[in-house]
1. Take the alpha-carbon positions of segment 46-94, form their convex hull, and give its projected area averaged over all directions (one quarter of the hull surface) in nm².
2. Along the charge dipole of the chain, which of Ala77, Phe235, Gln342 sits closest to the positive end, that is, farthest toward it, with unit charges on the beta carbon of Lys, Arg, Asp and Glu (+1, +1, -1, -1)?
3. Rounded to whole Hz and in sequence order, give me ³J(HN,Hα) for segment 129-146 from the Karplus expression 6.51 cos²θ - 1.76 cosθ + 1.60, θ = phi - 60°, writing x for Gly and Pro.
4. Give a residue-ordered list of calculated ³J(HN,Hα) values for segment 247-252 (Karplus: 6.51 cos²θ - 1.76 cosθ + 1.60, θ = phi - 60°; whole Hz; x for Gly, Pro).
5. Tell me, how many Å apart are the Cα centres for segment 353-384 and for segment 283-314?
6. How much of the accessible area of segment 262-384, in percent, comes from carbon and sulfur atoms when a 1.4 Å probe is used?
7. Mean 1/r over all different Cα pairs, inverted: what Kirkwood radius does segment 21-128 give, in Å?
8. For segment 79-129, just list the percent of Cα-Cα distances falling in each 5 Å bin from zero outward, please.
Amino acid sequence: MFHRVLLLASLLSGACASVAEADVKIGVILSLTGPSASLGIPARNTVELWPKEIGGQAVQVTILDDASDPGAATTAARKLTAENAVDVIVGPSTTPTSLAIMQVAEETGTPALTLAGSSAIVDPPAGPRRWMFKLPPNEAIALHRIFGNMQQNRKTKLGVVAVSNAYGQTFLDVASKIAAMYNVSIIATERFNPTDPSFASQALKIAAARPDAVFIAATGTPGATPQIELKRRGFAGTIYQTQAIANADFLRVGGKDVEGTLFPVAPLLVAEQLPNTNPVKTVALDYLRAYEAKYGEKSRSLFGGVAWDAQLIIRAAITQALGKAAPGSREFRQALRDSIEQLRDLVVTHGVYSFSTVDHNGADERSQVMVEIKDGNWLYVEKE
């Protein structure tokens, strides 16, 4: 079921000599095949860039492909915890696959830094969610940006398109709660599956409702399908997306039909365009130089960036954990989880993060800037 296993040797910081001989083991679960492969592949590419020497602590990294399937993600998590005895999991790539591994994380006491977007993965951070941390910002941060833009441009009627999984549902739920704060009414709602060959019937219903704007909550290239259908049926209003479509494959698949799309996104995507006062700019540019030097100009992807951020978080948390227990032990995994939970004001490519016992996402409003797709590129839209 697993299409690729990659072992990398790298080094992570170790302040405690008594545990220096024990390797830290990181298990990575990604969607390298299936409908979410456009999310997993840049993350895998980034893992290959993780530092090989940091402070003298050896690290073994094992990457497994879950084929975009929740069942395969569960199997991968059990393999990594039972056979590889990993100390921490990075991934999976999507909300359904991340929800699938929660039980394994709790049963084995293994912290997981998921690269997926839904707050359903970490809220509330109790039970199995106590072991889950998520990097993309919570839905409310993005939606406040979108509704603020609608209010500024005097748009009051919104159609919502949500993918039929936890990612889409959570965005739909949060949008329904806060739309009225901006005098926005949701007048039409449609759902779709990532593998659906067409969105024709739903597009007709949305267009018939005559919204001022449409918000699409989907991940990867499947997010282009509703937008293409809406454009082909004459919809001329504003279309908003989420940062889960921010990759080159989406631009390729959507082509001219995704021109003019507005979406809130991590500052990483437009790092060069950010003002020098943005705290994320330096960290993001450092990562982009390394990534694009290996994979080519304009190869950047947020899904690679979150994988970079995952190792930055591990690096920031690991010294304290090494001072308490040896890698490979349940005590070390617990100490690493606790150390992540105590991180404050950590600057990564996606924003500035402060975790806590009640917040396992840690992002604030600095994790999102507004971007427009223009001439096949990402254009930073300055906040007025």
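1. On the way: hull surface 15.5 nm².
It is 3.9 nm².
2. Phe235
3. Here the 3J(HN,Hα) series is 5, 4, 9, 9, 10, 10, 8, x, x, 5, 4, 4, 4, 5, 5, 4, 5, 5 Hz.
4. 8, 4, 5, 4, 4, 5
5. 16 Å
6. On the way: 2430 of 5060 Å².
Of all accessible area on segment 262-384, carbon and sulfur atoms account for 48 percent.
7. Details: mean 1/r = 0.0720 Å⁻¹.
Mean inverse Cα-Cα distance, inverted, gives 13.9 Å.
8. Histogram of Cα-Cα distances, whole percents per bin: 5, 22, 35, 25, 10, 3.
The values are calculated or read from the model by the stated rules, or taken from the named source; none is laboratory data. Please read these numbers as outputs of a predicted model, since none were measured by experiment. So basically every Cβ, Gly included, is an ideal-geometry build from the backbone, and we count neighbours across all protein chains shown. Each accessible area value is taken on the protein alone, full model and side chains, heavy atoms only, with ligands, DNA and RNA left out. Shrake-Rupley method; radii C 1.70, N 1.55, O 1.52, S 1.80 Å.
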